[in-house]
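Participant: What follows is a single structure, and I will ask about it in a moment.
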Amino acid sequence: MSTVSIPEFKNLVGGELVEGVEGATREVLNPATGEVIARVPEGGAADVERAVAAAREARIGFRDTIPAKRQELLLAMADVLDAHAEELAALEIANVGKPNSLAAEEMPICSDELRFFAGAARTMQGQATGEYGEGYTSFVRREPLGIVGQIAPWNYPLMMAIWKIAPALAAGNVVVLKPSELTPISTLRYAELVAEVLPPGVLNVVTGDGPGVGQHIVEHPEISLVSLTGSVGTGKNIARTAADTLKRVHLELGGKAPVVVFADADVKAVAESLRVASFLNSGQDCTAASRVLAVPEIYDALVEELAAAASSLVVGDPAEGEQVEMGPVISARQQERILGFLDRATSSGAELVTGGSAGRDAGFFVDPTIITNVGQKSEVVQSEIFGPVVTVQRLDSADQAIEYANDVPYGLAASVWTRDVAQAMNAIRQLDFGCVWVNDHLPFLSEMPHGGFKESGYGKDLSIYALEDYTRIKHGMIKLS
Ligand code: NAD
């Protein structure tokens, strides 16, 4: 009888690969099959304490590095990522159930983000030095915060970790990062690889769940800022806990992106774009195009095009080959949650145009789903489902578009489809979302800020604004005589 050995991954603390302090481990699954693919340390308070101690040791030395040195380190991190892109993509495919093409596309994006922040490290600016008080010179210093805690979600494990680590290190902070307990392995492997280029203790990665590790990061008095990418509920818990030590919080939370389609839109182009933007990563994307608002003139044609686009997606285990365009959702729990939303919606009169079921026996699949006949206040319109589900609402007229688009608790991203420049400009101004696309949905750039309004959180990822979020401002004032 042959036994297949399961790879074990370790935490990175103080430049060393270590097991958990208590020695406990957690099994990591492939969501396309439900099989165990790895074991990782299951941490607790003692693991956070050990990581903070390592970060403390590294903090002053790293604070005092010049920006050019930090640029060099981030460029080296990008090179390491490029050199191991295939291996890291394979871990994401196995652990998240991503199609091969998506995982492969993400890797150069991650290294581009590292290279952007490598350059950005050298651009931090303050107000001009000057004599604002009679007989005094004043100046502004932009300083790192010290030790920052970072907590990542499961949907884009490595990319979300890079969105956090890169600006934090560029600004001169040291990091204690917790990946999601569901998808830790690409981050652990990348941490192992960059341990070769980073000074010890500058990046520490500790695995475990929210209550076991996350909570202790948020409570720790020596951690100056906690950055979370996760759900709204977790964001609220973290903000409450952080209040006890008055640490800063940076929250990238859920979304429910509207897609506003006006009468002059190219309906085929909308459907073609949403075939990707609604179902990429099985719809487990905070900016996923999940809520279509269509004016009556194009409603029927759009529903028809969207149904054809969704049902043409090739769904399967990415291991089956390159033809797979959509994999599973992350867990049995998430699958049940999504099907629960669909059950409740259809029992209250919603119509399934396509999809609506689990699709396969093994693994955690949900078919690409389009639902119509849903009210503005219905649960499927108001709550983030985080799966391959799109609602389509028929507006009474174009006047209702902005009101309906804004009428959800979230404010992360939105798109508007029209050929009329004035209509597009007005919509961008009126929409309460951190990003508004016109005639597209989903692209993002290292140079441009990503972050939400309302219950989608506060603080920005990417861009120079993320770098600023990981700094503090100090006034230096010198008496001249
Ligand atoms: P989640 O909130 O369940 O978990 C996120 C992370 O928080 C995990 O690492 C988890 O272990 C940790 N955590 C949970 N409870 C905690 C606590 N009390 N204290 C400290 N840490 C805790 O989210 P998820 O299910 O992993 O990710 C999906 C969510 O993330 C969705 O809502 C999605 O929209 C959001 N997301 C947002 C963005 C963005 O940029 N705004 C990007 C990706 C994902």
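The values are calculated or read from the model by the stated rules, or taken from the named source; none is laboratory data. Quantities reported herein were computed from a predicted structural model and do not represent experimental measurements. Please note: Cβ atoms are built from the backbone with ideal geometry, for glycine as well, and neighbour counts cover all protein chains shown. Areas reflect the complete protein model, heavy atoms only, side chains present, ligands, DNA and RNA absent. Shrake-Rupley method; radii C 1.70, N 1.55, O 1.52, S 1.80 Å.
Participant: Give the longest segment of the chain that steers clear of trypsin sites (Lys or Arg not before Pro) in DSSP loops with at most 13 neighbouring Cβ atoms within 10 Å, not counting the sites themselves.
Facilitator: Here the longest run is 123-376.
Participant: Oh, and also: Among the lysines, which have Cα under 26 Å from the Cα of K10 when same-chain residues fewer than 8 positions away are ignored?
Facilitator: K98, K164, K178
Participant: Based on Cα coordinates alone, diagonalise the gyration tensor for segment 272-401, multiply each eigenvalue by 5, take square roots, and list the semi-axes in whole Å, largest first.
Facilitator: Equivalent ellipsoid semi-axes, largest first: 25, 17, 12 Å.
Participant: Same structure again: Taking the dipole about the Cα centre of segment 156-234, with the C-beta of Lys and Arg at +1 and of Asp and Glu at -1, give me whichever of A166, P179, T207 is farthest to the positive side.
Facilitator: Most positive-ward Cα: A166.
Participant: Something else now. Roughly speaking, what is the stretch gain from S347 to S231, that is 0.36 nm per residue apart minus the C-alpha to C-alpha distance, in nm to one decimal?
Facilitator: Net length gain for the segment: 39.1 nm.
Participant: Determine the order of M448, M326 by accessible area, beginning with the largest, at a probe radius of 1.4 Å.
Facilitator: From most exposed to least exposed: M448, M326.
Participant: Looking at the square roots a ≥ b ≥ c of the eigenvalues of the Cα gyration tensor of segment 367-447, which shape do they give, rounded for a/c under 1.5, prolate if a/b is larger than b/c, or oblate?
Facilitator: It comes out oblate by the Cα gyration axes.
Participant: Quick check for you: with a 1.4 Å probe and neighbouring chains kept, what is the accessible area per residue of the chain, in Å²?
Facilitator: In whole numbers, the chain has 41 Å² accessible per residue.
Participant: Here is a further query. If I stretch the segment between E192 and R333 completely, what's the gain in nm (0.36 nm per residue apart, minus their alpha carbon distance), one decimal?
Facilitator: Taking E192 through R333 to full extension adds about 47.7 nm, to one decimal.
Participant: Compute, for E336, the solvent-accessible surface of its heavy atoms (probe 1.4 Å) with the complete set of protein chains present, and express it in square angstrom to the nearest 10.
Facilitator: 130 Å²
Participant: Provide, as a two-decimal number, the C-alpha radius of gyration of segment 88-221 over 2.2 N^0.38 Å, N being how many residues it has.
Facilitator: 1.28
Participant: When we measure straight from the Cα of K268, which lysines land under 23 angstrom away, once same-chain ones fewer than 8 places off are left out?
Facilitator: Of all the lysines, those that pass the test against K268 - Cα under 23 Å, at least 8 places apart if same chain - are K256.
Participant: Can you give me the angle between helix 421-430 and the longest principal axis of the chain, using Cα atoms only, in degrees from 0 to 90, rounded to the nearest 10?
Facilitator: Approximately 60 degrees, to the nearest ten.
Participant: For a quick size check, give me the Cα extents of the chain along its three principal axes, largest first, whole Å.
Facilitator: On the principal axes, the chain reaches 77, 75, 40 Å in Cα extent.
Participant: Continuing with the same structure: Pick out, in residue order, every one of the GluC sites (Glu not before Pro) in segment 230-327 that is DSSP loop and has at most 16 other C-beta atoms within 10 Å; say none if there are none.
Facilitator: E322
Participant: Still on this structure: Using alpha carbons only, how many degrees (0 to 90, rounded to 10) separate the axis of helix 67-83 from the longest principal axis of the chain?
Facilitator: The helix 67-83 is inclined about 50 degrees to the chain.
Participant: Beyond 17 Å, what share of the Cα-Cα pairs of segment 382-427 remains, rounded to the nearest whole percent?
Facilitator: 42 percent
Participant: How big is the dipole moment of the chain about its Cα centre under a simple scheme where the beta carbon of each Lys and Arg is +1, that of each Asp and Glu is -1, and everything else is neutral? Debye, nearest 20, please.
Facilitator: Here the size comes out at about 1620 debye.
Participant: Moving to a separate point now. Indicate the gyration tensor shape class of segment 334-481 (rounded, prolate or oblate), computed on the Cα atoms with a ≥ b ≥ c the square roots of the eigenvalues: a/c under 1.5 is rounded; otherwise a/b larger than b/c is prolate and the rest oblate.
Facilitator: Since a/c reaches 1.5 and a/b is larger than b/c, the shape of segment 334-481 is classed as prolate.
Participant: Which percent of Cα-Cα pairs in segment 185-344 sits in each 10 Å bin, short to long?
Facilitator: 9, 24, 28, 23, 13, 3, 0
Participant: Then there is this: Explain nothing, just compute: Karplus ³J(HN,Hα) = 6.51 cos²θ - 1.76 cosθ + 1.60, θ = phi - 60°, for every residue of segment 344-349 in order, whole Hz, x for Gly and Pro.
Facilitator: For segment 344-349, the Karplus curve yields 5, 5, 5, 5, 9, x Hz.
Participant: Here is a follow-up. For the chain, take the longest principal axis of its alpha carbons; what is the angle in degrees between that and the long axis of helix 45-63, to the nearest 10 within 0 to 90?
Facilitator: The angle comes out near 60 degrees.
Participant: Between Y465 and A362, how high is the FRET efficiency from 1/(1 + (r/R0)^6) when r is the Cβ-Cβ distance and R₀ = 45 Å? Nearest 0.05.
Facilitator: E(calc), rounded to 0.05, equals 0.55.
Participant: Hey, which aspartates and glutamates would be in cross-link range of K377, C-alpha to C-alpha under 13 Å, not counting anything within fewer than 8 residues on its own chain?
Facilitator: Hits, sequence-local ones excluded: E403, D407.
Participant: If you take the square roots of the eigenvalues of the alpha-carbon gyration tensor of segment 45-112 and sort them as a ≥ b ≥ c, do you get rounded (a/c under 1.5), prolate (a/b over b/c) or oblate?
Facilitator: oblate
Participant: Rounded to the nearest percent, how much of the accessible area of the chain (1.4 Å probe, protein heavy atoms only) is carbon and sulfur?
Facilitator: The computed percentage sits at 52.
Participant: Any chance you could list the semi-axes, whole Å, largest first, of the equivalent ellipsoid that the Cα gyration tensor gives for segment 157-232, using √(5λ)?
Facilitator: Over the Cα atoms of segment 157-232, the semi-axes work out to 18, 16, 12 Å.
Participant: Would you calculate, for the chain, the mean residue ellipticity at 222 nm contributed by helices, counting each DSSP H stretch of 4 or more residues as -39,500 (n - 2.57) and dividing by all residues, to the nearest 500?
Facilitator: Helix-only estimate at 222 nm: -11500 deg cm²/dmol.
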